[in-house]
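The values are calculated or read from the model by the stated rules, or taken from the named source; none is laboratory data. Please read all numbers here as calculations on a predicted model, not as lab measurements. Note: ideal-geometry Cβ built from the backbone for every residue, glycine included; neighbour counts use all protein chains shown.
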Amino acid sequence: MSFDDELRSALRREEPSVDFAERVLARIAAGRRPVLWLPRFRWAAAAMAACLGIAAAGLEYRRQQHIRAEGEAAKARVMLALRIAGNKVHMAQKKIQELNE
């Protein structure tokens with residue numbers, strides 16, 4: 001049997017059972033709702049996914065801010081080290097000039 005034949009067989013029209021209407025009415029009378037909550041569930045799932053996305057974006061933003069702050073602190077330490085090294089070189093040059101005079 002080919003795929004098309006299987007698909008046609010699966011989707012062929014069937015008449016509902018004789019007691020179908022009675023079962024639906026009994027379910028309504030019993031207060032059992034048909035599965036109509038799915039659209040609400042979909043909205044809730046979409047809202048939850050949006051919240052998770054926003055939370056993930058917020059965490060990523062904070063991580064980037066932390067990395068940026070670490071980079072700024074490292075830059076400040078390097079600049080301080082360069083100033084100290086520059087001062088030491090300047091002092092050494094002064095000493096050499098004093099010895100040459």
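Some notes on this structure:
- Ala55 meets the stated requirement of being modelled with pLDDT of 85 or more, surrounded by 10 or more Cβ atoms within 10 Å (Cβ to Cβ) and part of a helix (DSSP H, G or I).
- Some residue of segment 60-81 being assigned to a helix (DSSP H, G or I), free of Cβ contacts under 8 Å to residues at least 60 places away in the same chain and among the polar types (S, T, N, Q): yes
- Boolean, Met48 is of a type in the set (A, V, I, L, M, F, W, C) and at pLDDT 95 or above: no
- Considered as a group, the residues in segment 4-24 that are at pLDDT 85 or above and of a type in the set (A, V, I, L, M, F, W, C) include one that is surrounded by the fewest Cβ atoms within 10 Å (Cβ to Cβ), and that residue is Val18.
- Inclusion of Gln97 among residues that are of a type in the set (S, T, N, Q) and surrounded by 10 or more Cβ atoms within 10 Å (Cβ to Cβ) is not warranted.
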